[in-house]
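A short worksheet on the structure shown next.
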Ligand SMILES: [Zn+2]
């Protein structure tokens, strides 16, 4: 199983690794900083370099392990490569992902509205939540609470926790651990100081003051009891 450097070292853009396996146009490394698509967060893009050659990494997927799709004949098994992720894109994903956690917490705290889905990009994101329909005043209130919490500079940290402990100690409405397969015995908790603790395997910034200004850009009413909110960070 590939060592998931992206779960710990979210300040780094460069890493060294060895090619463990080649499968068609996909490469398996012993360790990687490339985030594989999942949890509403797109995969990282970037390059692998070895001996003066460069391969573009166009997609990253996690199945039994992490597969990096490259744009031409992959480096051979055993090759030592330098990987570089597109940091601007990744950092934007980290900001949007952290904003999404904060927004899920605000929606729950202020309106008892559970998050039912989310998708983020490098320049926008959306969240689905169980709520009938927000008024314009409520939108203004959500924006103001979000920007207050962002401005407070709350610390964000992540750590592993035994599933049983997490299930008994944490608020199930926030963690949604029950949605994970039974086989997963250890969960990764992402905690925003005094606000939120959620089970999540994505990447996040270390402080809410890195998020930027939060603004709602639109909505879709999805049936009678679900709203989709669209937002940007400025
Ligand atoms: Zn997350």
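The values are calculated or read from the model by the stated rules, or taken from the named source; none is laboratory data. Since this is a predicted model, take the numbers as computed values, not measurements. No Cβ is skipped: glycine too gets one built from the backbone with ideal geometry, and neighbour counts run over all protein chains shown.
Tally time: how many residues in the stretch 32-50 are more than 19 Å from the chain's Cα centre (by Cα) and either in a loop (DSSP other than H, G, I, E, B) or surrounded by fewer than 19 Cβ atoms within 10 Å (Cβ to Cβ) (or both)?
3
Give the number of residues within the stretch 1-17 that are surrounded by 15 or more Cβ atoms within 10 Å (Cβ to Cβ) and within 19 Å of residue 54 (Cα to Cα).
Residues that pass the stated criteria total 3.
Only one of (1) in contact with a strand residue (DSSP E or B) (Cβ under 6 Å, 6 or more places away or on another chain); (2) closer than 22 Å to residue 113 by Cβ; (3) more than 14 Å from the ligand (Cβ to nearest atom) fails for residue 194. Which number is that?
Against the list (1) in contact with a strand residue (DSSP E or B) (Cβ under 6 Å, 6 or more places away or on another chain); (2) closer than 22 Å to residue 113 by Cβ; (3) more than 14 Å from the ligand (Cβ to nearest atom), residue 194 comes up short only on (1).
If you go through the stretch 191-209 one residue at a time, how many are outside any strand (DSSP E or B), in contact with a helix residue (DSSP H, G or I) (Cβ under 6 Å, 6 or more places away or on another chain) and over 26 Å from residue 3 (Cβ atoms)?
Within the stretch 191-209, the first condition is being outside any strand (DSSP E or B), and the residues that meet it are 193-195, 200-206, 208-209.
Cutting the leftovers down to in contact with a helix residue (DSSP H, G or I) (Cβ under 6 Å, 6 or more places away or on another chain) gives us 195, 202-205, 208.
After this cut, where a residue has to be over 26 Å from residue 3 (Cβ atoms) as well, the list is 195, 208.
Count: 2.
In the list 234, 143, which residue meets the criterion of being away from the ligand (no atom under 16 Å from the Cβ), within 28 Å of residue 91 (Cβ to Cβ) and surrounded by 12 or more Cβ atoms within 10 Å (Cβ to Cβ)? Reasoning before the result, please.
Details: 234 fails: surrounded by 12 or more Cβ atoms within 10 Å (Cβ to Cβ).
Selected residue: 143, the only one of 234, 143 that is away from the ligand (no atom under 16 Å from the Cβ), within 28 Å of residue 91 (Cβ to Cβ) and surrounded by 12 or more Cβ atoms within 10 Å (Cβ to Cβ).
Going by the structure shown, is residue 127 under 20 Å from residue 42 (Cβ atoms), in contact with a helix residue (DSSP H, G or I) (Cβ under 9 Å, 6 or more places away or on another chain) and either in a helix (DSSP H, G or I) or within 16 Å of the ligand (Cβ to nearest atom) (or both)?
Values: under 20 Å from residue 42 (Cβ atoms): yes; in contact with a helix residue (DSSP H, G or I) (Cβ under 9 Å, 6 or more places away or on another chain): yes; either in a helix (DSSP H, G or I) or within 16 Å of the ligand (Cβ to nearest atom) (or both): yes.
Against the criterion (under 20 Å from residue 42 (Cβ atoms), in contact with a helix residue (DSSP H, G or I) (Cβ under 9 Å, 6 or more places away or on another chain) and either in a helix (DSSP H, G or I) or within 16 Å of the ligand (Cβ to nearest atom) (or both)), residue 127 qualifies.
Quick one: would you say residue 36 is in contact with a helix residue (DSSP H, G or I) (Cβ under 9 Å, 6 or more places away or on another chain), free of Cβ contacts under 8 Å to residues at least 40 places away in the same chain, within 16 Å of the ligand (Cβ to nearest atom) and not assigned by TED's automatic domain parsing to the domain that holds residue 202? Before you say what the answer is, go through the steps one by one.
Numbers: in contact with a helix residue (DSSP H, G or I) (Cβ under 9 Å, 6 or more places away or on another chain): yes; free of Cβ contacts under 8 Å to residues at least 40 places away in the same chain: yes; within 16 Å of the ligand (Cβ to nearest atom): yes; not assigned by TED's automatic domain parsing to the domain that holds residue 202: yes.
Yes.
Name the residues in the stretch 58-94 that are loosely packed, with under 13 Cβ neighbours inside 10 Å and within 23 Å of residue 39 (Cα to Cα), would you?
63, 64, 88
Here are some residues: 215, 188. Which one is assigned to a strand (DSSP E or B) and within 14 Å of the ligand (Cβ to nearest atom)? Break it down stepwise before answering.
Numbers: 215 fails: within 14 Å of the ligand (Cβ to nearest atom).
One residue alone meets the criteria, 188.
Might you check whether a residue that is crowded, with 19+ Cβ neighbours inside 10 Å, within 14 Å of the ligand (Cβ to nearest atom), outside any loop (DSSP other than H, G, I, E, B) and without any contact (Cβ under 8 Å) to a residue 60 or more places away in the chain occurs anywhere in the stretch 173-183?
Yes, the stretch 173-183 contains at least one residue that is crowded, with 19+ Cβ neighbours inside 10 Å, within 14 Å of the ligand (Cβ to nearest atom), outside any loop (DSSP other than H, G, I, E, B) and without any contact (Cβ under 8 Å) to a residue 60 or more places away in the chain.
Residues checked against (1) at pLDDT below 95; (2) surrounded by 12 or more Cβ atoms within 10 Å (Cβ to Cβ):
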position	(1), (2)
153	no, no
161	yes, yes
166	yes, yes
169	yes, yes
188	yes, yes
207	no, yes
219	yes, yes
222	yes, yes
225	yes, yes
